[in-house]
Amino acid sequence: MISFFKDKHPERLARQLGQVVHQLDDLVHLTLNRTVRLAVTGLNQSGKTVFTTTLIHHLLHALQGSNLPGMNVVAENRLLGTRIMLQPDREIPTFPYERHVRALLANKPVWPVPTDAISAIRLAIRFKPAGLMSRKLAPSSTLYLDIIDYPGEWLLDLPMLKLTFEEWSEQTLRLCEEEPRRTLAAHWRAHMAGVDPSAPAEEAIMRPAAERYTDFLMSCKQSKIGLSFLQPGRFTIPGDLKGAPLLTFCPLARPGAEGVPPGSLRDEMANRYASYQKLVAEGFLKRHFSRFDRQIVLLDLLGALNRGPSAFADMHTSLGAILENFHHGPSSLLSRLFAPRIDRLLFAATKADYVAANQHHNMERLLRRLVARSANDASFQGVQVQSQALASLRCTRTVVREHQGRRLSFVQGTPKGREKETLLFPGEIPENVPEADEWDMHRFHFMEFEPRRPPDAESPTPPHIRLDQALEFLVGDKLT
Ligand SMILES: Nc1nc2c(ncn2[C@@H]2O[C@H](COP(=O)(O)OP(=O)(O)O)[C@@H](O)[C@H]2O)c(=O)[nH]1
Ligand SMILES: [Mg+2]
């Protein structure tokens, strides 16, 4: 710097000064305009669409009577406004915010129609920087928030990447030995008993085998059974791969003395499995997954309790598999391929409005136990992890009443399929994963609700539970 100012050539000095100013400008731009790619994931029906829709709605309307006191940028009056921008990922469909918000906030509101694909949306959030210095440098700054909503089921393919076709087949068939899979798989397995894997590969034999396997997966998924550890992920949610030959394989029992004759059905299915791995790895995981900065994993904890021990245990397995990428050391194939740069991870148990407010504490404790291993692994890799209960759209209110000398907490709301509001006792959430013999006694029956505003909802924006805290954790630090 000293020699710089000693320079006797005014032209050169001016040029150099210009460069410094330019670089400073770049620096300011870099530090004050930021982009965050937020991945919203969770299994089917965990509440991704409702979360993404209400999050956008609240940010867009945050200046008209804030309902986000837990966000520092709002509480400190630094938010200047939010806009939906053109979406930068041209090959991904845009998240249909308008359609969903219209449905949710109509006079007769309805829940969004389920969608089974990836979608994305970009928001620009303008705010006043918190620090005096930053504010001097630039009176306002913009955070570009890209939100990517995608089926958690697709992440169940992650663990398949390190298994050969034979290993994966064996693991899947082992799972099918236990109920409820055993009964549900009977039809497919009976069909396979008549298929010779060493015979020459024919589409006419492979397709029905794969279809029956897919039917089996779909029957595991139906809401009454509610299993979630269903591989391959694209078999139940094919997205743009619907009908592709890539999806025509299924697990096969270990070969006997005949081995794997070239051109046999076994050989061809193993090839398709390998193509599936490659396509899924490159087509989805590598393209998107490795580019996320922040991730929220939504869990329908209450729905899993309702569905009983098998579904609950299966959700636990799925969760482990979904977060598999955090379990791998730096030298593993997975981390080399996807090296996620996620630095914040939020586990959120959704639909907290199904239960009374005094149960939220247990809901969070149960969630923490459930995600303990994944949270530990992620945290070990330097990721900040938080777990919380939330309701993106609160549809009930808690009412405390005396009942036979005891104070009990009820919820008041409109149960699904009904017209009128009702007062219900939703029961209690255990703080630990129930033991095998406790399930009978517990018998959880958490009711679903219509998306109606509860009578105490006064704010112009719809009520929620801790959505603002989730947002603060996910992006608060980028809005300072
Ligand atoms: N009461 C209540 N129900 C919710 C909430 N979020 C989601 N749901 C319920 O969960 C269902 C699935 O939500 P959705 O966002 O479509 O799940 P997705 O499949 O993960 O996108 C909805 O139809 C609602 O019944 C919430 O905040 N409160
Ligand atoms: Mg959805």
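Structure notes:
- Cross-link reach is defined here as a Cα-Cα straight distance under 25 Å, omitting same-chain residues fewer than 8 places apart; for K416 the lysines meeting it are K48, K108, K221, K224, K351.
- Approximate spin-label separation T94-A457, in nm, with each point projected 7 Å along Cα-to-Cβ: 2.6
- Segment 162-286: projected area of the alpha-carbon convex hull, averaged over directions, in nm²: 7.7
- J(HN,Hα) series, segment 138-145, from Karplus relation 6.51 cos²θ - 1.76 cosθ + 1.60, nearest Hz, glycine and proline x: 8, x, 9, 9, 10, 9, 8, 10
- Normalised per residue, the volume of the convex hull around the Cα set of the chain (Å³): 201
- Given R0 = 35 Å, the distance between the Cβ atoms of D116 and D440 translates into a calculated FRET efficiency of 0.50.
- Sites D196 and M218, calculated FRET efficiency, Cβ-Cβ separation with R0 25 Å, nearest 0.05: 0.45
- Cα-only Debye scattering, segment 354-470: base-10 log of I(q)/I(0) at q = 0.12, 0.13, 0.15, 0.21 Å⁻¹: -0.55, -0.64, -0.82, -1.24
- Taking segment 162-286 and dividing mean pair separation by its residue count, relative contact order in percent (alpha carbons under 8 Å, at least six apart): 35
- 3J(HN,Hα) couplings calculated from phi for segment 117-133 with the Karplus curve 6.51 cos²θ - 1.76 cosθ + 1.60 (θ = phi - 60°) are, in sequence order, 9, 7, 8, 9, 8, 10, 10, 10, 10, 9, 8, 8, x, 6, x, 4, 4 Hz; Gly and Pro show x.
- Length available on full extension from A186 to D343: 0.36 nm per residue minus the Cα-Cα distance, which gives 52.1 nm.
- Of all beta bridges that DSSP places with both ends in the chain, some 50 percent have antiparallel geometry.
- Treating r as the C-beta distance of E170 and S275 and R0 as 22 Å, the FRET efficiency rounds to 0.65.
- Per residue, the chain reaches -11500 deg cm²/dmol at 222 nm when only DSSP H runs of four or more residues are counted, each adding -39500 (n - 2.57).
- Site pair R126 and S290 shows an inter-label distance of 3.6 nm when each label is modelled 7 Å from Cα along Cα→Cβ.
- Computed on the chain, with alpha-carbon pairs under 8 angstrom and 6+ residues apart, the relative contact order is 18 percent.
- For the chain, no complete DSSP H run has alpha carbons reaching 20 Å or more along its own long axis together with a mean Kyte-Doolittle score of 0.0 or higher.
- Backbone N atoms of segment 441-466 closer than 13 Å to the 7 Å Cα→Cβ label point of A357 belong to residues 456-457, 464-466.
- Between Q16 and E76, the contour length at 0.36 nm per residue exceeds the alpha carbon distance by 17.6 nm.
- Projecting label points 7 angstrom from Cα along Cα→Cβ for Q404 and L163 puts them 4.9 nm apart.
- Within segment 337-386, the trypsin sites (Lys or Arg not before Pro) that combine a DSSP coil assignment with at most 12 other C-beta atoms in a 10 angstrom radius are R341.
- Spatial separation of Cα centroids for segment 217-292 and segment 109-149, in angstrom: 35
A short reminder: the numbers here are calculations on the coordinates, not readings from a lab. No experiment lies behind these values; they were computed from the predicted model shown. Ideal geometry is used to build each Cβ from the backbone, glycine not excepted, and the neighbour counts take in all protein chains shown.
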